[in-house]
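The next block holds one structure in the form of structure tokens; read it before the comments.
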């Protein structure tokens with residue numbers, strides 16, 4: 001019986017594999033066969049399967065595409081605009097007054113630039129939380145990335161906030177060839193009322209949508225929440241019925257041991273963006289606590305106005321270094337465990353543990369080829385350590401989503417970076433104007 | 001009067017400049033003219049000066065080459081070999097037993113690979129502290145880098161240690177067209193006796209050599225030193241007469257306020273390698289204290305067995321992030337101040353404030369061209385922030401030492417990386433053999 005040629009064959013690569021109980025490990029000489037956007041097989045190199053496209057990958061690593069578990073992708077527009085200022089000024093005096101200026105066209109340009117940065121740094125899926133989400137969805141469709149998109153709302157928007165978020169989700173879920181999935185995206189427990197959080201929970205269950213929300217962003221927020229309402233931010237969410245749904249929590253820095261019983265039974269994940277935490281002089285996500293509780297912690301970049309980059313690989317290296325530093329324990333989190341956070345656990349954190357984050361039959365074909373022949377990644381004693389501590393996203397040679405090549409030999413195929421960057425640069429005077437005195441919101445967490 | 005053509009003209013670049021009192025700033029549309037390895041002029045783009053080589057640099061940044069203030073460059077051989085283990089095991093069980101295996105040829109191969117990594121990441125000068133220093137000097141001559149080289153010795157070597165270090169310095173200082181300068185390199189106050197430290201101080205003064213030494217590597221070391229000999233490591237060095245000479249201190253994490261009177265009057269600098277400090281779960285260099293004391297803190301990578309890379313640009317970003325984190329102050333160290341640490345202060349830290357680290361007439365022509373057109377570095381609101389927080393060493397397009405181009409368009413011109421990496425990979429079984437049970441030294445700081 002003859003079979004149609006495969007869509008893509010990656011040949012003779014060193015594959016980053018994962019199995020329950022064994023964790024991340026590597027196998028040399030592996031062929032990965034892709035059919036219909038899905039990994040059909042992975043196994044030792046044999047006779048070449050007929051394929052529309054074949055990539056000879058000897059000496060390169062094939063690994064799952066990275067997942068950005070919390071982003072505000074168009075904020076690349078404000079990369080570097082608010083440096084060396086304290087957090088309240090950062091929000092109230094700079095970023096939120098500037099966000100008032102954004103048109104849908106600005107947001108689409110920002111989303112395209114961020115897409116280029118993400119593809120070029122090995123991200124294949126991003127979970128976005130922002131305004132103007134239709135523009136981001138259009139950019140996602142065009143860029144070839146996969147995304148979990150949620151339209152941000154505050155209680156100051158009234159009931160229209162959730163309604164618009166729900167309408168966005170219904171409009172876009174399953175679009176872009178199935179690459180777009182949707183979430184409800186209330187901003188945070190300190191900007192969304194208990195009633196609106198409860199409405200969100202009900203809507204999530206009724207429409208089978210996950211919820212993506214900022215919560216317990218700092219230990220101070222947790223303390224303020226306890227002082228104000230007698231409950232941690234996580235307990236506030238629980239009382240609103242949120243953990244009946246799938247929940248993605250951004251940051252979770254202020255998660256405390258008393259939150260563990262709530263979290264460990266729930267369908268919940270946390271996105272951690274450690275570079276920005278260092279830069280803002282804050283604590284970091286309590287990874288040891290969450291690992292012990294069985295809560296998947298995935299990697300994230302947050303927005304580039306605080307993180308300055310949208311590079312999950314950089315987040316991975318920072319995550320590893322910062323965890324050892326805050327635990328004051330060189331032995332905490334092996335490089336293989338860090339790679340597990342970057343792949344399988346990131347997929348679980350966004351509720352996609354079944355079909356993303358692994359190179360296994362039936363998973364979506366979201367793949368990277370990594371070239372370790374450069375001087376910083378030689379010699380190789382321990383491939384996991386090479387990937388986490390020596391390599392960086394610039395060593396990603398090829399980025400593939402749903403079996404489609406979005407970057408080959410570091411050449412981006414779906415975004416015109418010079419054109420987008422020039423269009424953004426022209427707009428900067430208007431984007432950064434604060435003379436109007438308005439703001440998206442007032443920060444008082 | 002006609003003048004001979006310049007050796008190199010960099011045309012229409014955005015220049016990173018520095019002046020006392022003003023600090024780091026940028027000027028667009030600048031021409032840099034190089035004659036005889038020295039910057040002859042920098043100023044607004046005018047009629048093109050005749051030059052043997054001209055580089056059109058419109059849209060690119062020209063900045064001083066980075067200075068690695070503390071390295072063990074051949075330790076790239078052991079990159080990733082000792083991961084996720086505590087510090088004493090790292091030294092005693094893994095690294096020091098493996099270092100016994102190194103031949104001069106191994107060291108030369110390691111030095112070449114490190115040279116390739118340094119050139120490709122924008123380092124133009126490195127301060128090296130290791131065994132087999134003649135091999136490193138040969139590699140430096142060949143690679144085109146500039147280096148301050150010191151042959152490591154312990155008191156367990158007897159008087160031969162200092163003698164060999166001095167002989168190395170006399171043999172190599174001023175060689176490689178003046179690109180090699182030499183230092184005396186006693187290992188540390190906990191491995192070199194007070195008498196040998198005093199002999200080193202006398203030899204340094206007599207032969208006009210700087211001293212490069214590990215000291216106050218951690219707060220625990222400082223405490224141990226006080227417990228054992230009633231003095232901080234810095235005070236131990238002072239009593240040995242060391243601060244009569246120019247001194248480069250590696251790490252200095254355990255420098256305490258009582259050391260300030262000694263340091264602030266001395267010709268002394270500190271090299272800080274923050275990535276490894278995170279990874280090893282230790283404290284970091286007390287930059288606020290040292291800045292207030294007027295002690296220049298430069299950037300460093302330490303050895304790649306702990307740091308996993310030899311990339312000063314990465315150290316710069318980590319330095320900025322870690323300082324804000326440990327000070328818990330987003331406003332501490334502006335991006336422009338961080339760039340001052342990476343350039344002028346790094347030059348001063350190694351005793352070369354007069355002729356390195358700045359783009360100014362009379363300084364050596366050690367220069368980088370940086371391409372910020374990629375997606376992670378657009379748009380540009382604040383060029384200093386773009387360089388420190390968004391760019392990375394992969395955005396260095398061209399590396400120049402003494403007016404000679406060592407990397408152009410990211411192509412390395414002086415090191416054959418595939419050949420060196422293959423030769424090293426062949427040697428790994430022998431290099432990592434620990435069955436002999438010997439060690440370079442016993443770590444008990």
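We did not get these values from a lab; they are worked out from the coordinates using the rules stated. Just so it is clear, the model here is predicted, and its values are computed rather than measured. Because the Cβ atoms are built from the backbone with ideal geometry, glycine has one as well, and the counts that use them run over all protein chains shown.
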Rounded to the nearest 10, the angle in degrees between the Cα long axis of helix B:104-120 and the longest principal axis of the Cα atoms of chain B comes to 40
On a 0 to 90° scale, report how tilted helix B:159-172 is relative to the longest principal axis of chain B, with both axes built from alpha carbons and the result rounded to the nearest 10.
20
Rounded to the nearest 5, the percent of DSSP beta bridges in the protein assembly as shown running antiparallel is 45
Pull up the DSSP beta bridges for segment A:1-57 and report the antiparallel fraction as a percent, rounded to 5.
75
By DSSP, what percent of the beta bridges with both residues in chain B are antiparallel, rounded to the nearest 5?
45
Fewest to most Cβ atoms within 10 Å: B:345, A:383, B:367 sort as A:383, B:345, B:367
Rounded to one decimal in nm, the spacing of the 7 Å Cα→Cβ label points at residue A:142 and residue A:20 is 4.2
Taking each residue of B:113-121 in turn, how many C-beta atoms of other protein chains fall within 10 Å of its C-beta, and what is the average?
3
Hey, how many Å between the Cα centroid of segment A:395-415 and the Cα centroid of segment B:132-147?
39
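When a/c reaches 1.5 or more, the comparison of a/b and b/c decides; with that in mind, is segment B:66-349 rounded, prolate or oblate per its Cα gyration tensor?
On the way: a/c = 1.28, a/b = 1.09, b/c = 1.18.
Cα axes put segment B:66-349 in the rounded bin.
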Note on segment A:53-175: alpha-carbon gyration tensor, axes a ≥ b ≥ c; rule is a/c under 1.5 for rounded, else prolate if a/b larger than b/c, else oblate; result oblate
Considering chain B as a Gaussian network with a 10 Å cut-off on Cα pairs, which listed residue, B:97, B:44, B:379, attains the greatest mean-square fluctuation?
B:379
Between 0 and 90 degrees, rounded to the nearest ten: what's the tilt of helix A:133-143 against the longest Cα principal axis of chain A?
10
Fewest-first sequence of A:220, A:260 by Cβ atoms within 10 Å of each Cβ:
A:220, A:260
Compute the Cα gyration tensor for the protein assembly as shown, then decide on rounded, prolate or oblate, letting a ≥ b ≥ c be the square roots of its eigenvalues: rounded whenever a/c is under 1.5, prolate when a/b is larger than b/c in the other cases, and oblate in all that remain.
prolate
Fluctuation leader among B:390, B:373, B:218 - chain B, Gaussian network, Cα springs under 10 angstrom
B:373
Taking the Cβ of each residue in B:319, B:332 as the centre, tally the other Cβ atoms inside 10 Å and list the residues starting with the fewest.
B:332, B:319
Selected from B:358, B:219, B:112 as most flexible by GNM, with chain B as the system and alpha-carbon contacts under 10 Å
B:219
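With a cut-off of 8 Å between alpha carbons and a minimum separation of six or more residues, what is the relative contact order of chain B in percent?
22
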Apply 1/(1 + (r/R0)^6) to the Cβ-Cβ distance of residue A:411 and residue A:436, taking R0 = 25 Å, and write down the FRET efficiency to the nearest 0.05.
0.05
What value, in deg cm²/dmol to 500, does the helix sum -39500 (n - 2.57) over DSSP H runs of n ≥ 4 give at 222 nm once divided by the residues of chain B?
-9500 deg cm²/dmol
